[in-house]
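The values are calculated or read from the model by the stated rules, or taken from the named source; none is laboratory data. Since the model is a prediction, treat every value here as computed from it, not as a measurement. In this analysis, Cβ positions are derived from the backbone assuming ideal geometry, glycine residues included, and neighbour counts consider all displayed protein chains. Ligands, DNA and RNA are excluded from the accessible area calculation, which covers all protein heavy atoms including side chains. Shrake-Rupley method; radii C 1.70, N 1.55, O 1.52, S 1.80 Å.
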Amino acid sequence: MVVRLDCGTNYETIYKHFSNGLKLYVIPKKRKIKTAAVVFNAGSCDTEFKLDGGIYSVPLGTAHFVEHRMFEQSYGSVSEKFTELGAESNAFTDSGKTVYYFRTAENFEECFKLLLDFVQKPYFRNNELETEKKIIASEIKMYADDPSWQSYFAALSMLYPNSPVSEEIAGSVESIQKINADTLYTFHKAFYTPENMTVVCAGNVDAERIIKITENGINTENSSMMRINRRYNAVGGTKKVVGSNNVPSYTAAFPANIGCGKIKAGFLYRILGDMLFSESSEAFAEMSGKGICTEAPSVAYISENGGILTVSGWSEKPEEIVKIINRTLQSFVYGGRVDSIAFDRAVKRLLGEVMKALDDTHICITAQSEWNKERLTAPEIISMIKSIRERDIYYAAEKTENVCGTGIYGK
Amino acid sequence: MNENEKNMQYIEVSEGIRLHFYYETDFITNFVSLVWTVSADKKTATTVSLIAECLKTGPDGNRTELDKRLADMYGANFDAQIIQKGGRQLIALNFESISDKAADEKVLKNGIELLRQCVECRINEKMLNQAKQRLKNRLEQKNDSAAETAIERLIDIVYADDSFSVHCDGYAEDISNISVNDVNELFGKIKAEAPTDIFISGDINKETAVNYAEQLVYKRRNPQKLEADDVNITAGCAEKSEGRSIDQSRIAMAYTSDLEPYGKDYYTALVLREILCGSGDSVLYDSVRQKEGLCYYIGGRLMRFRMVYIIDAGIKVGSEEKAASIIEDSIRSTKITDTMVNKAKNAVIRAEGETADKRTGRLNETMNSMLLGIIEKIPVEKMIESISTNDVSKALNKLEYKGKFILYAQKGDK
């Protein structure tokens, strides 16, 4: 068991890495509610893989479908079991991972054992999948009416056409029809293994008890799974999707293959985004001066396909905004200099935002599930941010390619 | 600091201005909120909303300078927002920053200065014009949300003559007519007269908190008491529908309860909400989603200041009336059991714990207690434990259907 502590903030993380590859993190916090999560590195982009000598290609939306069905066991609903214990349970899938979690004020150990148990026991029956397909189809349609979601995926589809990263997490109404019980079992066997698994607990919890329960609670074997990672060349272009919203949503996406660790890359691009597009930036002054936006764009980074930087927001003149975004980024890459004051401010802001976010146990869980990819903890993250230098930001900007995928959704 | 000093303390700073102070070190942040309360009125709602919108950009409307100032305070959060509680409109100025200890510099003092400048400021034309544009955009975006639209329209028809149906974010059609004089006159009146609450919590001692609160007090004249918030619900049922170019229909339905919004009654109502529409094994989740596959999301909220349940869902096109029928039938045919009640009680206790774990949770509870006139404090767990199956059954039987709004999708597969 290893303990990491940041003295300024008193953030503490206890971790243990097991011999079967499983990673466990415990984040002690004085709270009424305790939270635990199991994270599998299996997301919507994991559609091709090798397993036991064969090559598999699963339909889009498979990871998300597995997440839905894992809550139905031979004995009934897992959600109901959690509810009986006084806990709330849920799960989510993104492009790179699936997370199952619960929150409770009582019976933490019983809930924790239930969590470890059910994620290892797939139970899929073809005759029960048809209703699930209707439910997921409804979910897909719900997101079809979400402007920022639609502009985001439109941008990715222009940047990397045919790449799984540009497809919706839940797949499409057509693709999920091709999923059957065998598909789900194969996916579970490939990805739901100890070496692909991280366990995170946060709250007023006993780390030693959690380690003991985890040691005794994992009895799955690792698989022979190997991901088939394809790299897609960036293409670019603009896609406009007609929607009913009066104020269009836009996203501009750029390849950002920085080459350093993905976690640090994410922070570098957040700082870059802050410097270039925050409310104190010249770009925002231009946008708001022209009356084409009222809120600063938001900047995000995902690590799929080598790294993608996105800049998103709302505007009545989205094409004009995207031109400003492109021009600002390229000007910085080809001749800009790092404004030291803006850099210091951006680092301070990022540090404060990370520290504040970690007051929330749910965010602790989701953040640690990302940081775990590089075996980092909160104290190390704080040190990492403090160690970022101006030249790192310039290097990050240089690594963005001059190719842009743009998505616009609105009237 | 002893245990008593660690609990919430209530101090009258000036006439009609109360300080609610909590010493705590469980969070890494310090939090300050200044709340003005007025009665919701269609004639002034937009002006009040514009006041908040102006203050979002700081004391002089210079967003660039405000952004720099907040970044220098380690990305401190500053916001001015409108909150609706029943027939009342609240303007809340909020500031949250990491503690001076975590930052190793004096952050909170700078935050108080920012708030003080906002309280003292006079809104100018530039601030107002920018605020108008932002508010217009925000109202358009709100209207674009099918889910929010369905709920808003439902409240409009069920509470047509009640101030609860006043749109506290404002009305787009009123924006252009409001002048800078209108805004400053109303802002001055609110600061001088409206009931005012200041919340300060974090790693701060009491004397410092009182000192900070005193800095936020504006010149008071003729302080007003809180006006009554009368309920005025439409007789019978109100039903309406509209069409929109969306992929999935939305439905919102209203049911009133005869329970009181405080004490054991309130928590009984929460237990009932949990049973009917609270979670993955609720009655409506099971009947509408799991059995019929008509939706992905179905949920419900209890609007405390009117004790009305609003149930809403995204419904498969062509199944709107069927869904409404299933919701009504499921509510009427539900038999409350001990198991249901025990599970629901655990969920309500957990939700209370989650509220306590949130920075603004205690603030919200304190405001609710004040606005509802709750004086007696009974431990929440005790109240919830005392709720019986019979209590919940009675509450269910007394639910009265009051209305429905459907937003029909006019594109997509049928």
On the protein heavy atoms, probe 1.4 angstrom, tell me the percent of accessible surface of chain B carried by carbon and sulfur.
45
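Please say if the stretch B:23-88 is rounded, prolate or oblate, where rounded means a/c under 1.5 for a ≥ b ≥ c the square roots of the C-alpha gyration tensor eigenvalues, and otherwise the choice is prolate for a/b larger than b/c and oblate otherwise?
oblate
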In the stretch A:52-89, the residues losing 50 Å² or more of accessible area (1.4 Å probe, heavy atoms of protein chains only) relative to their chain alone are A:T83
So for the pair A:Q330, B:K225, with labels modelled 7 Å out along Cα→Cβ, what separation do we get in nm?
6.8
What does the helix-only formula give at 222 nm for chain A: each DSSP H stretch with n ≥ 4 adding -39500 (n - 2.57), the total divided by the residues, and the result rounded to the nearest 500 deg cm²/dmol?
-12500 deg cm²/dmol
Identify the trypsin sites (Lys or Arg not before Pro) of the stretch B:359-402 meeting these criteria: DSSP loop state and at most 14 other C-beta atoms within 10 Å of the C-beta.
B:K377, B:K398
Heavy-atom accessible area per residue, the stretch B:176-280, 1.4 Å probe: how many Å²?
44
Karplus couplings for the stretch B:8-22 from phi (6.51 cos²θ - 1.76 cosθ + 1.60, θ = phi - 60°), rounded to Hz, Gly and Pro as x?
5, 10, 10, 10, 7, 7, 7, 5, x, 10, 10, 9, 10, 10, 10
Once phi is turned into θ = phi - 60°, what whole-Hz ³J(HN,Hα) does the Karplus curve with 6.51, -1.76 and 1.60 give for every residue of the stretch B:388-402, x standing for Gly and Pro?
9, 4, 5, 4, 6, 4, 4, 4, 5, 5, 8, 5, 10, 6, 10
How many angstrom separate the Cα center of the stretch A:109-161 from the Cα center of the stretch B:135-161?
29
For the stretch A:1-108, what is the relative contact order in percent, using Cα pairs closer than 8 Å and at least 6 residues apart in sequence?
26
Can you run phi through the Karplus equation (6.51, -1.76, 1.60; θ = phi - 60°) for the stretch B:252-260 and list ³J(HN,Hα) in whole Hz, with x for Gly and Pro?
9, 10, 10, 9, 9, 10, 9, 7, 7
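What's the ranking of A:361-374, A:59-72, B:363-376 by average number of surrounding C-beta atoms within 10 Å, highest first?
A:59-72, A:361-374, B:363-376
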With every protein chain in place, the stretch A:45-138: carbon and sulfur % of accessible area (1.4 Å):
43
Given charges at Cβ of Lys, Arg, Asp, Glu: chain A dipole, positive-most of A:I321, A:P255, A:S148:
A:P255
May I ask you to derive the relative contact order of the stretch A:98-214, considering only C-alpha pairs under 8 Å and at least 6 residues apart, and to give it as an integer percent?
31
Among A:K262/B:K101; A:K141/A:K290; B:K43/B:K240; B:K106/B:K358, the pairs whose Cα-Cα distance exceeds 32 Å are A:K141/A:K290
How tilted is helix B:320-333 with respect to the longest principal axis of chain B? Cα atoms for both, answer in degrees (0 to 90, nearest 10).
90
Give the average, rounded to an integer, of partner chain Cβ atoms located within 10 angstrom of each Cβ in B:344-352.
4
Per residue value of the accessible surface for the stretch A:1-128 (all protein chains in place, 1.4 Å probe), Å²:
37
Among beta bridges that DSSP assigns inside the protein assembly as shown, antiparallel share in %, nearest 5
80
Starting from the Cα-Cα distance between B:Y401 and B:Y10, subtract it from 0.36 nm times their residue separation and give me the gain in nm to one decimal.
136.7 nm
Candidates per trypsin sites (Lys or Arg not before Pro) in the stretch B:112-178, loop by DSSP, up to 12 other Cβ within 10 Å
B:R122
Placed amide H near A:V241: partners under 5 Å, 5+ positions off or other chain
A:I408, A:Y409, A:G410
Pop a pseudo-label 7 angstrom from the Cα along the beta-carbon direction at both B:Q117 and B:E381 and give the gap in nm to one decimal.
4.6
Test assert for the stretch B:85-101: residues whose accessible surface shrinks by at least 30 Å² between chain alone and all chains, 1.4 Å probe, equal B:I98, B:K101
How much net charge surrounds B:R63 when only the other residues with a Cβ under 14 Å from the Cβ of B:R63 are counted, with Lys and Arg +1 and Asp and Glu -1?
-4
May I ask for the angle, rounded to the nearest 10°, between helix A:108-118 and the longest principal axis of chain A, with both axes built from Cα atoms and the value confined to 0 to 90°?
90
The stretch A:185-245 accessible area per residue, 1.4 Å probe, protein heavy atoms, integer Å², reads 53
Say each of A:E319 and A:I228 gets a label point 7 Å from the Cα, pointing the same way as Cα to Cβ; how far apart are those two points in nm?
4.0
Which residues, if any, in the stretch B:24-45 lose at least 40 square angstrom of accessible heavy-atom surface (probe 1.4 Å) when the other protein chains sit next to their chain rather than the chain being alone?
B:D26, B:I28
To test your reading of the geometry: what angle, between 0 and 90 degrees and rounded to tens, separates the Cα axis of helix B:263-277 from the longest principal axis of chain B?
50
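Roughly how crowded by other chains is peptide B:65-71, in terms of the mean Cβ count from those chains within 10 Å of each of its Cβ atoms?
Mean partner-chain Cβ count within 10 Å for B:65-71: 6.
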Using a 1.4 Å probe on protein heavy atoms only, how many Å² of accessible area do B and A hide from each other, summed over both chains and rounded to 100?
4900
Over chain B, the sum of -39500 (n - 2.57) across DSSP H runs of at least four, divided by residue number and rounded to 500 deg cm²/dmol, gives at 222 nm -13000 deg cm²/dmol
Assuming a ≥ b ≥ c are the square roots of the Cα gyration tensor eigenvalues, decide whether the protein assembly as shown counts as rounded (a/c under 1.5), prolate (otherwise, with a/b larger than b/c) or oblate.
rounded
Taking 0.36 nm per intervening residue step and subtracting the Cα-Cα distance, what contour gain separates B:A192 from B:R332 on full extension?
45.4 nm
Roughly how crowded by other chains is peptide B:50-60, in terms of the mean Cβ count from those chains within 10 Å of each of its Cβ atoms?
0
